[in-house]
Each structure stands twice: as structure tokens, then as C-alpha cells.
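Accompanying notes for the structure given below.
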Amino acid sequence: MQVISTAQAPAAIGPYSQAIVAGAMVYTSGQIAIDPATGVVEQGDVRAQTHRVCRNIRALLQASGSDIAKVVKTTCFLADMADFAAFNEIYAQYFTSAPARSCVAVKTLPKNVLVEIDTIAEL
């Protein structure tokens, strides 16, 4: 296994790695809408936060030698399922290869963000 760490994505806020490469796959930890330059949660609605999350994921995948186009599976967590359509609008701009996906609403996300996404991608 290889631990992936980059300043282009938020630092881990707990005892975990930003991403792990194992074999020919990369597994990203759940990404929330933290701006890696400031360490502050992106302000705005679910659209703004989804853009930030996807940029963080793209940075992690690039640091691992992969790319967002090589994502085979995402797991998406929303604070409110009423945001599903708005979330999908932004998500579709980044995950154009239409990877397999799970999407659920949860009671609360870290730092009270509106969205979190983790990915599995090919190298």
C-alpha cells in the first residue's frame, strides 16, 4: 500500500490518510467542502460545496497518478435528500464517465457540511 498525501486537498482531520493506492486502484477518503488553501469550509449551498468536494477529489486522484475519468465507484452522502437534484447537476459535470454510485442522506456530516464523497479509481 502507498499513502497519498497532497497539499492540493484538505489535510486529514482524523487518524486516516487522504488516499491509499493498493494494487492498481486508488481509494480516496471521504472529501468534504474544505478549501485546502485556507482549511475553511466552503460557504454556500450544496452546489458550491459539491464543486469544492469534486476539486478536492480531482487533486487527490491526480496526486495518486489517476484521474477523475478513471473513477469506477463513488459513495455520496448528503445532509438533506432535498439537495439531490442540485447535487446531481454539479456531480455530473465532474464524473462524466458515470461511475457506479451509492448516494444516501445522513443525519450529520463532519463540520456540518452538506455533502461528502469518496471514490475508488483505477490507476
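Here are some notes:
- Helix 46-64 and the long axis of the chain differ in direction by around 0°, with both axes built from C-alpha atoms.
- Protection proxy ranking of 59-65, 40-46 - average other beta-carbon atoms within 10 Å, highest first: 59-65, 40-46
- Helix 84-94 and the longest principal axis of the Cα set of the chain meet at an angle near 30°.
- Solvent-accessible heavy-atom area per residue, rounded to whole Å², over the chain at 1.4 Å: 49
- Among the protein heavy atoms, those of Asp80 account for about 80 Å² of accessible surface (1.4 Å probe, every chain in place).
- Estimated at 0.36 nm per residue, the fully extended path between Ala92 and Lys73 surpasses their Cα-Cα distance by 5.5 nm.
- Cα gyration tensor shape for the chain, rounded if a/c is under 1.5, else prolate or oblate: oblate
- Listed residues Thr108, Thr50, Thr74, most fluctuating in the chain (Gaussian network, C-alpha, under 10 Å): Thr108
- Within a Gaussian network of the chain (alpha carbon springs, distance under 10 Å), most fluctuating of Ala82, Ala69, Ala98: Ala82
- Over the chain: helical MRE at 222 nm, DSSP H runs n ≥ 4 each giving -39500 (n - 2.57), nearest 500: -8000 deg cm²/dmol
- For the stretch 43-113, the square roots of the Cα gyration tensor eigenvalues, ordered a ≥ b ≥ c, give a/c of at least 1.5 with a/b greater than b/c, which places it in the prolate category.
- Share of carbon and sulfur in the accessible heavy-atom surface of the chain [1.4 Å probe, %]: 53
- Most mobile of Cys76, Cys54, Cys103 in a GNM of the chain (Cα contacts under 10 Å): Cys103
The values are calculated or read from the model by the stated rules, or taken from the named source; none is laboratory data. Note that the structure is predicted; figures quoted are calculated from it, not measured. Because the Cβ atoms are built from the backbone with ideal geometry, glycine has one as well, and the counts that use them run over all protein chains shown. Remember, those area values only see protein heavy atoms, side chains included, never the ligands or the DNA or RNA. Shrake-Rupley method; radii C 1.70, N 1.55, O 1.52, S 1.80 Å.
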